[in-house]
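Q: A single structure is presented below for examination.
Read-outs throughout are calculated quantities, based only on the coordinates presented, and are distinct from any laboratory measurement. Just so it is clear, the model here is predicted, and its values are computed rather than measured. Please note: Cβ atoms are built from the backbone with ideal geometry, for glycine as well, and neighbour counts cover all protein chains shown.
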Amino acid sequence: MICPYCHQEMIIGYIQSEKDLSWTPEEQPANLFVNRFKTYQVPLDKRHFFKMAIVKVYRCQKCQIEMIIEKDLKL
Ligand SMILES: [Zn+2]
């Protein structure tokens, strides 16, 4: 993946969580406790009993930005 700002190669890594991960529009409330995805959310990954939620993320060290590609998601 090439960084859209500086056009250098991005590094692949992961964001992990003990809770389900989703993208939520700014004007909507974030989930506090319940891990059920709302219709306005984009599910990124669900945690399982012995596995944390993991999302593949591209990072540009120079620009200090992270990118998630929805086609990489396993949901
Ligand atoms: Zn960059």
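Q: Which length gain, in nm to one decimal place, applies between Ser17 and Asn31 when the Cα-Cα distance is subtracted from 0.36 nm times their residue separation?
A: Details: separation 14, 0.36 × 14 = 5.04 nm, distance 1.40 nm.
Length gained between Ser17 and Asn31: 3.6 nm.
Q: Please give me the summed charge of the neighbours of Tyr58: other residues whose Cβ is under 14 Å from its Cβ, Lys and Arg +1, Asp and Glu -1.
A: 0
Q: Right, here's the next one. Which of these, Ile65, Ile15, Ile54, has the largest mean-square fluctuation under a Gaussian network model of the chain (Cα springs below 10 Å)?
A: Evaluated over the chain, the most mobile residue of the options is Ile65.
Q: Still on this structure: So what are the three principal axis dimensions of the chain from its Cα atoms, in whole Å, longest to shortest?
A: Computed over the chain, the largest-to-smallest principal extents equal 39, 32, 19 Å.
Q: Using θ = phi - 60° and the Karplus relation 6.51 cos²θ - 1.76 cosθ + 1.60, list the HN-Hα couplings for the range 50-65 in order, rounded to whole Hz, with x at every Gly or Pro.
A: 10, 9, 6, 5, 9, 10, 6, 9, 8, 10, 9, 5, 5, 8, 6, 10
Q: Here's another thing I want to ask about it. If the cut-off is a Cα-Cα distance under 23 Å, which lysines reach Lys51, setting aside same-chain residues fewer than 8 apart in sequence?
A: In chain and number order, the partners are Lys19, Lys38, Lys71, Lys74.
Q: Do any chymotrypsin sites (Phe, Trp or Tyr not before Pro) in the range 15-75 lie in a DSSP loop with no more than 10 other beta carbon atoms within 10 Å, and if so, which?
A: Phe33, Phe49, Phe50
Q: On a C-alpha basis, how far is the centre of the range 10-25 from the centre of the range 58-75 in Å? Whole number, if you could?
A: Using only Cα atoms to place each centre, the spacing works out to 9 Å.
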